[in-house]
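J.: My questions all concern the structure below.
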């Protein structure tokens, strides 16, 4: 695979536009200024004049290094929430070999960086998913697979499946297809890596900033987020 | 012999280089193992990226025992690595006794166990319990072999053992059965399959490490790499004659680690009772035979 | 020793699919265990009532994610019998081809899947690589890799593409030549034997008690209880194949039977390709829009043999354009729910993930 | 639909059933599949008799809702592996007072099927106490979902946020996409 050492400017721009779409529904004014601040452009510029950096820019440079490491070592959580998980083994194993991108499966949410929401989410899963998401250590990223995470997909009229996932947890990237082929999955991950490298995958900051809003939505759908894991006799 | 500040710096250098070496070697092994699995595998420096990413993440804590245990584990292992003789670099000459390793190593492991139990997750406690059980398994045959070796060579200093081997042939030749037992025990120490029962992602979700994330996990990964470095160096020094120069040592080191990885790649995982019964059957028997051959009959010496 | 409560799943590397096992363990031994299903509950049976017969073809493969074709077969077969549609001979043969390819693919996945709980990841990589070749065949025939929506009432959606036989034979030859390698890696491997031989027993009485079907039943009773033999559907009575059976059902035997079934499926596919009749692959079942296709009033239970056992749809039609009620009988229902409750206690926690793999438990078909 | 079958064992079994129990109607759907409408009081004895005669497997227990007739139809699906014959017993119970006696003492495997029927239809099985708890759903707050008078689309619309599409599709531009 061709390594994208230099991110092409037009590609970055394209993704940024896509990203803004997914958060367009959010009530305005809830973002702090810093979250939406794109520093993709500055990062590319700062390579040329690296000597005279202000402290802020220097911090940014450190941040971009951090982003490089975050982007190239994505550990994903093995949590198959729905159908799309069936193509993940294909993407993980010999033919497509996700490990080339530095990605690998991890056993617990504490260790993981990305949460793959592979398809539809029933209410029962959503409750556990919120727990899992909140357990992951930051920075963390969420990828939604297929139309079910966007608008319910084929289960839009089901009594058990939620319709719009970004109401409950922030999504950094969607991958299209029902189910996405491994090529699409790999391509999506490459896009996510690019997003992280330029610092655009800020869903987790959004979750901090609009925590009340997310919690409100979660409660509306779930009644209570609490899991009563009683041992059913 | 007086210990100067330079010695300390060199010792730290050994620990640091050991970490860098092991991280690279394991990266290369990941790549070659991937080829056995019909795929390309990650970049060879992937492990460095993983570690730096983890150190870069935000940390959460489960109480001071949890945090302190990690630091204790890392410090203990770095301390052990400082004593490790690498080829002709022996920093604290006269202090590189085998028993120093045994005790210092325990500090690191204890820190790890303490921290894992401090996280409060039942899976972590089960993992720690299994790790200790497994230790009981492999320590006995390993100790039998090494004590027999120390008895016939009349020294417990690692560098002295290396010198003897350089002069009169490797211990691999003197005690072939013992070397095999040593290698099996090394697999147990490294936690390679079939002896990775205490990590067992399938049922324990990585066992002691279950609650670690972010910076603590990064530190544990560094600790794990250094511990691997110490263990393999110990094996190379004890059985394969160390190295007269760095290159020779590195070649042996690489071969041992790669061999262990390849073997583990085609084996499944034992259950914990199977681990203990395994160690208490064949390796201990072989170890006793070898010890008898060495100590009573003096064959090969 | 203190009894502690452990959760295996839903987010857990040892779990197959999105389900959870709650268990009380003492040391390593499981004292009590329950499956907690429903994380994949989508209300399938309700959704099917809200869609027309033809629209349902897009929905039903999703009942069991790993093995979608059996759903299509059940649905199409049931609707055809109710409506007295005569399916052309060629369609039957193509259906058999698809079903057997699917069987190989899920058995390969299961063979590799044993690598997950036991740590033998090499097997997983190899098996998935081989399975991917089969998915290529599916893509060439049906246009989809996983959900094919190919077997429809009245036949199959379209004819086989030209020259596909060569691709299939080549792929199957390759897989057959590699199967001995799997045997060496999984079945002749001493560490794997120590994990599987004599573990997770399934005696014959337990089989009858639970109602386990499929490989679990055949490996315990020693009888060829396979719907393809007992009640042949499609044209399984016109091809020659053996059903591997055993009388001692441990994890090893069940995995071995899966392996042997792969050989038999390859044998069936060869015969199917040789005896492929000429003609059309489907008949026109309705005049005008297929969406307005109605099925005659009646009830039917249409069952096929999946890789995990008897898989069936109980279909009720009131003569309308959509099904009145469809009840899915998931093949892994007995061993998944009652089996875990009654017979998992006593095993060790190391065996719990293996239980899922060797018993063949598919959580989406339990939850639906 | 056939009225008789040539398969060995089927006709004899049907005749036996007719002689012993209060059989309302028998239909042969396929060669090996007979649907038997029984009176609800006879079901347990019939199942016991069938189990003694080779029908050792319970394939499924399920339910059909007929709101117009105000009945639930319970389906008991049993199978004889050695002969390959399938009998499906159907009994009718009152929809308002949906109660039935459990069959777990005859077929132990029915435990979870009954639980599922209770969860999705609200049929109470006397003697199977575990069936009263929720299995698939969690904190469910409406009618049992598989009943005909439960509208899953309305429930979904009410409960879950739907994505609104303001983008215009094609030339018509901005018109809401009509379904059905």
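We did not get these values from a lab; they are worked out from the coordinates using the rules stated. In this text the structure is predicted, and so the values were computed from the model without any measurement. Cβ: placed from backbone, ideal geometry, glycine included. Neighbour counts: every protein chain shown.
J.: Can you work out the base-10 log of I(q)/I(0) for region C:75-198 at q = 0.13, 0.14, 0.17, 0.19 1/Å, using the Debye formula on its C-alpha atoms alone?
T.: -0.63, -0.70, -0.88, -1.00
J.: Here's a follow-up. Helix D:43-52: angle to the longest alpha-carbon principal axis of chain D, degrees 0 to 90, nearest 10?
T.: Taking Cα atoms only, the helix is inclined about 60 degrees.
J.: Also: What list do you get for C:6, C:35 if you sort them by fewest beta carbons within 10 Å?
T.: By the 10 Å Cβ count, ascending: C:6, C:35.
J.: On to the next question. Residue by residue through D:135-147, how many Cβ atoms from other chains fall within 10 Å of the Cβ on average?
T.: Mean shielding count: 6.
J.: At a Förster radius of 22 Å, what calculated FRET efficiency corresponds to the Cβ-Cβ distance of residue B:10 and residue B:244, to the nearest 0.05?
T.: E between residue B:10 and residue B:244, to the nearest 0.05, is 0.70.
J.: Per residue of C:16-29, count partner chain C-beta atoms within 10 Å of its C-beta, then hand back the mean as an integer.
T.: Shielding by partners across C:16-29 averages 3.
J.: Can I ask one more? Using a 10 angstrom cutoff on alpha carbons, build the Gaussian network for chain C and name the most mobile of C:354, C:185, C:101.
T.: In this elastic network of chain C, the residue with the biggest mean-square fluctuation among C:354, C:185, C:101 is C:185.
J.: Right, another one. In 5 Å bins starting at zero, report the fraction of Cα pairs in region B:137-293 per bin as a rounded %.
T.: Percent of Cα pairs in each bin: 2, 9, 16, 20, 19, 15, 10, 6, 3, 1, 0.
J.: Would you kindly compute the Cα radius of gyration of chain C and its largest Cα-Cα separation (Dmax), both in Å?
T.: For chain C, the Cα radius of gyration and maximum Cα-Cα distance read 20.6, 71 Å.
J.: Oh, and also: Fewest Cβ neighbours within 10 Å first, please rank B:193, C:342, D:41 accordingly. Please report the intermediate quantities before stating the final value.
T.: Values: B:193 25, C:342 14, D:41 11.
In order of increasing Cβ crowding within 10 Å: D:41, C:342, B:193.
J.: While we're here: So for C:358, D:62, B:2, fewest C-beta neighbours within 10 Å to most, what's the order?
T.: B:2, D:62, C:358
J.: Say we join alpha carbon atoms closer than 10 Å with springs in a Gaussian network model of chain C; which of C:332, C:177, C:265 then has the biggest fluctuation?
T.: Of the options given, C:177 has the highest mean-square fluctuation.
J.: Using only Cα atoms, locate the centre of region A:144-192 and the centre of region D:119-139, then give the distance between them in Å, rounded to an integer.
T.: That distance is 32 Å.
J.: Need one number: % antiparallel among DSSP beta bridges in the protein assembly as shown, to the nearest 5.
T.: Just about 75 percent of them are antiparallel.
J.: Would you mind putting C:283-291, C:55-63, D:155-163 in packing order, based on average other-beta-carbon counts within 10 Å, highest first?
T.: Going by the mean number of other Cβ atoms within 10 Å, highest first, we get C:55-63, D:155-163, C:283-291.
J.: With every atom except the alpha carbons ignored, what do you get for Rg and Dmax of region B:1-95, in angstroms?
T.: 17.3, 54
J.: Which value, in Å³ per residue, describes the convex hull spanned by the Cα atoms of region B:243-287?
T.: Convex hull of Cα atoms, per residue: 92 Å³.
J.: While we're on this one: Per residue of C:50-56, how many C-beta atoms from partner chains lie within 10 Å of its own C-beta, taken as a mean? Don't skip to the end; give the middle numbers.
T.: Numbers: counts 5, 2, 0, 0, 0, 1, 0.
Partner Cβ neighbours, averaged per residue: 1.
J.: Just need the Rg to Rh number for region B:143-236, please, alpha carbons only, Kirkwood Rh.
T.: Here the Rg-to-Rh quotient is 1.10.
J.: Cut-off 12 Å, label point 7 angstrom out along Cα-to-Cβ of residue C:237: give me the residues of region D:13-31 whose amide nitrogen falls inside.
T.: D:31
J.: Using the alpha-carbon atoms, what tilt in degrees (0 to 90, nearest 10) does helix C:121-142 show relative to the longest principal axis of chain C?
T.: Once rounded, one gets 10 degrees.
J.: Can I ask one more? If packing is taken as the mean number of other Cβ atoms within 10 Å per residue, what is the order of D:11-22, B:145-156, B:230-241, C:122-133, highest first?
T.: Details: D:11-22: 14.3, B:145-156: 18.0, B:230-241: 24.8, C:122-133: 22.8.
Top to bottom by mean Cβ count within 10 Å: B:230-241, C:122-133, B:145-156, D:11-22.
J.: Still on this structure, I have one more. May I ask you to compute the full-extension gain from residue B:88 to residue B:3, defined as 0.36 nm times their residue separation minus their alpha-carbon distance, rounded to one decimal in nm?
T.: 28.8 nm
J.: Okay, next question. If you build a Gaussian network model of chain C, linking Cα atoms that sit under 10 Å apart, which residue out of C:258, C:32, C:166 swings the most?
T.: C:166
J.: Per q in 0.16, 0.22 1/Å, what log10 I(q)/I(0) does a Debye calculation on the alpha-carbon atoms of region C:1-109 return?
T.: The calculated log intensity ratios at q = 0.16, 0.22 Å⁻¹ are -0.88, -1.20.
J.: Let me ask another. With each label point set 7 Å from Cα along the Cα-Cβ vector, what nm distance links residue C:164 and residue B:155?
T.: My value for the distance between the label points is 7.5 nm.
J.: Looking only at region D:10-157, where both bridge partners belong to it, what percent of the DSSP beta bridges are antiparallel (to the nearest 5)?
T.: Approximately 75 percent, going by the DSSP bridge assignments.
J.: Over 33 Å apart: what share of the alpha carbon pairs of chain B falls there, rounded to a whole percent?
T.: Considering chain B, 22 percent of its Cα-Cα pairs are separated by more than 33 Å.
J.: Distance between the C-alpha centers of region D:7-36 and region B:57-111? Whole Å please.
T.: With region D:7-36 and region B:57-111 each reduced to a Cα centre, they are spaced 78 Å.
J.: Can you give the log10 of the normalised intensity I(q)/I(0) at q = 0.08 Å⁻¹, computed with Debye over equal Cα scatterers of the protein assembly as shown?
T.: Ignoring solvent entirely, the Cα scatterers give -0.88.
J.: I'd like to compare B:252-263, C:40-51, C:270-281: which one has the highest average count of other Cβ atoms within 10 Å, and what's the full order after that?
T.: C:40-51, B:252-263, C:270-281
J.: Send over the Kirkwood Rh of region C:160-257, from the inverse of the averaged 1/r over different Cα pairs, rounded to one decimal Å. Let's see the in-between values first.
T.: Values: mean 1/r = 0.0634 Å⁻¹.
Evaluated over region C:160-257, this radius sits at 15.8 Å.
J.: Here is a further query. In region B:32-145, what is the volume of the convex hull around the alpha carbon atoms, normalised per residue and reported in Å³?
T.: On the way: hull volume 21.6 nm³, N = 114.
Per-residue hull volume (Cα only) is 189 Å³.
J.: Return the calculated 222 nm mean residue ellipticity for the protein assembly as shown, to the nearest 500 deg cm²/dmol, obtained by summing -39500 (n - 2.57) across DSSP H runs with n ≥ 4 and dividing by the residue count.
T.: Details: 41 runs with 521 residues, N = 1082.
The helix contribution divided over the protein assembly as shown gives -15000 deg cm²/dmol.
J.: Please determine, in degrees from 0 to 90 and to the nearest 10, the orientation of helix C:89-113 with respect to the longest principal axis defined by the Cα atoms of chain C, where the helix direction is its Cα long axis.
T.: 20
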